[in-house]
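The values are calculated or read from the model by the stated rules, or taken from the named source; none is laboratory data. Just so it is clear, the structure is predicted and the values come from calculations on it, not from any experiment. Virtual Cβ from ideal backbone geometry, glycine too; neighbours counted across all protein chains shown. Just so you know, the surface numbers come from the protein's heavy atoms only, side chains and all, with ligands and any DNA or RNA stripped out. Shrake-Rupley method; radii C 1.70, N 1.55, O 1.52, S 1.80 Å.
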Amino acid sequence: MRAVVTVVGKDKTGIIAKVSALLAEKDVNILDISQTIMNEYFTMIMMVDLTNSSTELAALSEDCAKLGKEIGMSIHIQHEDIFNAMHRV
């Protein structure tokens with residue numbers, strides 16, 4: 001199963017490292033990543049593959065939200081189909 005991870009907040013050192021470490025710990029593979037800084041705001045979107053992960057999407061979502069709170073960022077993960085449906089024009 002593929003999912004989309006979004007990360008948004010004030011830029012600071014170590015964001016990509018911390019998010020990537022959490023995903024690696026849960027055996028989630030990063031397929032693609034795009035990040036940019038707009039003024040002082042960091043934004044990142046990742047396409048990830050949960051095929052080899054034993055962690056359910058709901059639990060991973062809670063882990064992402066917890067990490068986001070710890071580092072002062074908004075981190076969300078959604079199933080690819082839901083993300084696509086929400087962003088279809």
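When the accessible area of the chain is computed with all protein chains present and a 1.4 Å probe, what percentage of it is carbon and sulfur?
On the way: 2900 of 5560 Å².
Accessible surface attributable to carbon and sulfur in the chain totals 52 percent.
Can you give the relative contact order of the chain as a percent, counting alpha carbon pairs under 8 Å and 6+ residues apart?
Values: 141 pairs, mean separation 36.6, N = 89.
After rounding, I find 41 percent.
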From the phi of every residue in region 39-46, what ³J(HN,Hα) in whole Hz does the Karplus formula 6.51 cos²θ - 1.76 cosθ + 1.60 yield, where θ is phi - 60° and glycine or proline is x?
6, 9, 9, 8, 10, 8, 10, 10
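Got a sec? What order do 40, 56 fall in by accessible area at 1.4 Å, biggest, i.e. largest, first?
56, 40
Hey, any idea what Rg/Rh is for region 18-89, computing Rh the Kirkwood way over Cα pairs?
That ratio equals 0.96.
Once the other residues with Cβ under 11 Å from the Cβ of residue 26 are scored (Lys, Arg +1; Asp, Glu -1), what is the net sum?
Working: positive: none; negative: 25, 27, 56, 63.
Summing Lys and Arg as +1 and Asp and Glu as -1 gives -4.
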Quick one: how many Å² of residue 81 are accessible to a 1.4 Å probe, rounded to 10?
100
Cα-projected label distance for residue 25 with residue 43, points at 7 Å along beta-carbon direction, nm
2.8
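How much net charge surrounds residue 71 when only the other residues with a Cβ under 14 Å from the Cβ of residue 71 are counted, with Lys and Arg +1 and Asp and Glu -1?
Details: positive: 10, 12, 18, 66, 69; negative: 11, 63, 70.
So the environment of residue 71 carries a net charge of +2.
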Charge tally in the Cβ shell below 14 Å around residue 37, where Lys, Arg are +1 and Asp, Glu are -1, residue 37 excluded
0
Can you compute the label reach from residue 79? Point 7 Å from Cα along the Cβ direction, backbone N cut-off under 18 Å, restricted to region 16-57.
47-57
If you roll a 1.4 Å probe over the heavy atoms of the protein chains, what accessible area per residue do you get for the chain, in Å²?
62
